[in-house]
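The values are calculated or read from the model by the stated rules, or taken from the named source; none is laboratory data. Just so you know, these numbers come straight off a predicted model, no measurement behind them. For neighbour counting, all protein chains shown are included, and Cβ atoms are generated from backbone atoms with ideal geometry for every residue, glycine included. Side chains included, ligands, DNA and RNA excluded: accessible areas come from the protein's heavy atoms. Shrake-Rupley method; radii C 1.70, N 1.55, O 1.52, S 1.80 Å.
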Amino acid sequence: MKVRIPLAILFATLLSLGTLSAPVPNAEDSPRFSFHGIWSMQSSCVDKSSGEVISTAGYAAKDWHKAEIPGTVVGALVADRTLPDPNYGMNLKSFPGMNYSEKKFFANEDMPAGSPYRCSHWFRMEFENPREFAGRESWLHFLGINYRANIWVNGKKIADRADVAGPYRTYEFNITKLLRNGMNGLAVEVFAPEKNDLGLTWVDWNPTPPDKDMGIWREVFLASTGDVTLRHPFVSTKLDAAYTNATLGVSAELHNISDRPVSAVLQADLDSAHIRQPVTLAANETKIVRLSAEQFPELKVSHPRLWWPYQMGDPYLYKATVRVTVADKASDSTSFKYGIREVTS
């Protein structure tokens with residue numbers, strides 16, 4: 001299917017006061033432990049303790065606010081009724097920090113003097129090391145932080161705000177050696193976007209929240225793998241002129257985190273196609289592996305069900321499961337949906 005469309009940039013806005021639902025991991029995915037739910041939150045201008053202390057299990061977060069993650073600072077303060085309902089009357093205008101100019105775009109302005117959001121805010125929670133992660137590598141994932149952050153685990157700083165910057169970037173950290181049996185502490189110090197940062201901006205007729213959507217606005221989770229990780233799996237699709245035949249391709253990034261060479265097997269299951277490709281990875285090597293129809297004729301599909309724009313037909317989705325095994329044991333795996341389509345502009 002070839003659809004000619006004008007180039008467009010779509011801007012999605014996130015309601016500061018809402019939360020996002022957690023995606024349900026598929027059965028084929030590697031073990032995952034979600035950190036969605038109620039965390040504790042406080043301004044660094046109120047609690048001046050260090051990250052080393054705040055991220056320690058058992059830290060007494062006295063007088064901290066409850067904060068649902070994913071979410072934002074203002075969203076948490078509204079939820080626990082520290083701030084009134086912003087959808088009623090002129091309540092939003094009464095929020096601290098709403099004294100910014102209405103004649104200028106707030107995203108391109110500094111936080112006004114006296115705003116409580118000039119201070120960074122801490123989000124913290126505690127968790128037990130999942131039993132099913134024993135003997136495997138543990139990876140801490142953040143899919144969206146607005147805007148900068150220092151991240152601490154069990155008194156150890158694992159990331160700095162100089163590196164964690166930008167709401168649309170994702171991050172993962174190997175924290176295997178930092179985890180303990182029993183309770184573990186996780187603390188994230190979040191900083192609001194500064195002047196001219198590309199944060200989560202708002203349209204001109206919708207007032208920007210005074211915290212500029214500062215917070216952890218997308219999923220946070222802990223995942224486990226073996227010595228070889230699988231990242232960025234992708235199914236490419238190419239159609240003939242009559243849309244009756246499709247040629248698929250599969251790619252994935254494999255990373256050997258061990259200090260020794262590893263022989264692995266990349267497997268991909270795409271409906272009727274079940275393919276395997278042996279891969280050798282040197283110590284600490286990262287390699288993008290591509291599986292083509294020239295290698296595997298099963299990736300040529302006759303009369304595929306196409307993904308159409310909903311105004312033109314059924315946006316059909318196929319399921320793919322991609323995994324990597326080492327010594328016949330699953331090291332990492334994931335499943336996802338893909339559409340057979342070709343979009344040109």
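From the alpha carbon centroid of region 161-237 to that of region 273-345 is 26 Å.
So what is the accessible area of region 269-345 per residue, in Å², with the probe set to 1.4 Å? It would help to have the intermediate numbers written out before the result.
Numbers: 4610 Å² over 77 residues.
Averaged over the residues of region 269-345, the accessible area is 60 Å².
For region 102-152, the solvent-accessible area works out to 46 Å² per residue, with a probe of 1.4 Å and every protein chain left in place.
Counting other Cβ atoms within 10 Å of each Cβ, which GluC sites (Glu not before Pro) in region 31-121 have at most 10 and sit in a DSSP loop? Don't jump to the answer; show the numbers that get you there.
Numbers: sites: Glu52, Glu68, Glu102, Glu109; in loops: Glu102, Glu109.
Loop-located and lightly packed - Glu102.
For region 295-325, the residues whose amide N sits under 19 Å from a probe point set 7 Å from the Cα of Asn174 along the beta carbon direction are 324-325. For region 299-344, chymotrypsin sites (Phe, Trp or Tyr not before Pro) are listed when DSSP marks them as loop and at most 13 other Cβ atoms sit within 10 Å of their Cβ; the list is Tyr310.
Of the heavy-atom accessible surface of the chain (probe 1.4 angstrom), what whole percent is carbon and sulfur? The partial results should precede the final answer.
Working: 9510 of 18250 Å².
Its accessible area is 52 percent carbon and sulfur atoms.
If you add up the charges near Asn146, with Lys and Arg at +1 and Asp and Glu at -1, over every other residue whose beta carbon is less than 14 angstrom from its beta carbon, what do you get?
On the way: positive: Arg148, Arg161, Arg169, Lys212, Arg218; negative: Glu189, Glu194, Asp197, Asp211, Asp213, Glu219.
Net local charge, Asn146 excluded: -1.
Once a ≥ b ≥ c are taken as the square roots of the eigenvalues of the Cα gyration tensor of region 134-270, is the result rounded (a/c under 1.5), prolate (a/b larger than b/c) or oblate (a/b not larger than b/c)? Cα axes put region 134-270 in the oblate bin.
Taking a threshold of 21 Å on the Cα-Cα distance, which of the pairs Lys238/Lys287; Lys48/Lys157; Lys66/Lys93; Lys157/Lys212; Lys48/Lys93; Lys48/Lys156 fall above it?
Working: Lys238/Lys287 24 Å; Lys48/Lys157 17 Å; Lys66/Lys93 23 Å; Lys157/Lys212 25 Å; Lys48/Lys93 29 Å; Lys48/Lys156 17 Å.
The pairs that break the limit, which is 21 Å between Cα atoms, are Lys238/Lys287; Lys66/Lys93; Lys157/Lys212; Lys48/Lys93.
For a modelled paramagnetic label at Ser101, 7 Å from Cα along Cα-to-Cβ, the residues of region 188-211 in reach, with backbone nitrogen under 15 Å, are 195-196.
Extension gain Leu317-Ile38, at 0.36 nm per residue separation less the Cα-Cα distance, in nm? Please report the intermediate quantities before stating the final value.
On the way: separation 279, 0.36 × 279 = 100.44 nm, distance 3.38 nm.
Extending this stretch completely gives an extra 97.1 nm.
For the chain, set up a GNM with springs between Cα atoms under 10 Å and report which of Lys62, Lys157, Lys287 has the largest fluctuation. So, out of Lys62, Lys157, Lys287, the one fluctuating most is Lys62. For the chain, a Gaussian network of Cα nodes joined below 10 Å ranks Phe127, Phe106, Phe35 by mean-square fluctuation, and the top entry is Phe127.
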